[in-house]
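Participant: Just passing along the structure, written as structure tokens.
No lab work stands behind these numbers, since they all come straight from the coordinates. In this text, all values refer to a predicted model and were calculated from it rather than measured experimentally. Cβ coordinates were reconstructed from backbone atoms using ideal geometry, including for glycine residues, and neighbour counts include every protein chain displayed.
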Amino acid sequence: MDIDLLFTPRGESGLLASENFVKKVVGVILDTDSGHLSLEFVDMDHLDLNIPVEEEFFERMDMSPHMQIGAVKEGNIAQAYQVPLMILNDPYRAKAFSNMKPPKRPLEAFNYFIKSCVLGQPVHRDDAGDEDSLGCILGETQPSALAFAPHLARQHMFETANPTAAPSMPGMGLGGSSSGGGGSGGGYRGGIVQRQNPEDGEDEG
């Protein structure tokens, strides 16, 4: 399984995997000392991701109480939900976000997220030593072009058709988007998704 970390311009973060998670992820932990992420599963098992998050992304993640979790199968979004994002050695985080609730429309929240992604980096590769695998798991496909697989498309339709459901609040975030060269994560960072320059309206690589 290969996994990418993606961000929207507002700072929302999420993990997109190249195949479905067999077990449900219930939480993501960021160790800011090492930069590594760990996924916690419903059966108390865990997966330590093998490519560290670049330090410049730490502030974005610190402002996000939840992280999007998704998987792509046969070119469609096959899994989509949200889980808490925990940061080690941050004693105030739990209290600061104690009143934050997951979105009541989880698929709509993920749909907003994936269509808004502007940059990212690899955070897990089955063969982390293979530099050819460090590009985006989507190849030339832009995240904004992804659609839900039929079973999720039906659920998404019911979500958006329900007038009693509260509107999705994608989460807290920072303005702007990041720039700069590659770091420890390597790979596609900043080049995977074309970013829009707000000043001239042209894409930048």
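Participant: Based on the mean of other Cβ atoms within 10 Å per residue, sort peptides 26-38, 148-160 so the most packed one is first.
Facilitator: On the way: 26-38: 17.1, 148-160: 14.8.
The most tightly packed comes first, giving 26-38, 148-160.
Participant: Dividing the convex hull volume of the Cα atoms of segment 4-145 by its residue count, what figure in Å³ per residue is obtained?
Facilitator: 117 Å³
Participant: If you don't mind, there's one more thing I want to ask. Which loop-located trypsin sites (Lys or Arg not before Pro) does segment 102-131 contain, where loop means any DSSP state but H, G, I, E or B and the Cβ has at most 15 other Cβ atoms within 10 Å? Don't skip to the end; give the middle numbers.
Facilitator: Numbers: sites: Lys104, Lys115, Arg125; in loops: Lys104, Arg125.
When the trypsin sites (Lys or Arg not before Pro) of segment 102-131 are filtered for loop state and at most 15 Cβ neighbours within 10 Å, Lys104 remain.
Participant: For segment 62-81, list residues with backbone N below 19 Å from a point placed 7 Å from the Cα of Arg154 toward its Cβ?
Facilitator: 73-74, 76-81
Participant: Related question: Can you order the peptides 42-49, 12-19 by their average number of other Cβ atoms within 10 Å per residue, highest first?
Facilitator: 12-19, 42-49
Participant: If you add up the charges near Asp48, with Lys and Arg at +1 and Asp and Glu at -1, over every other residue whose beta carbon is less than 14 angstrom from its beta carbon, what do you get? Please report the intermediate quantities before stating the final value.
Facilitator: Values: positive: Arg125; negative: Asp31, Asp33, Glu40, Asp45, Asp126.
Once all neighbours under 14 Å are counted, the net charge is -4.
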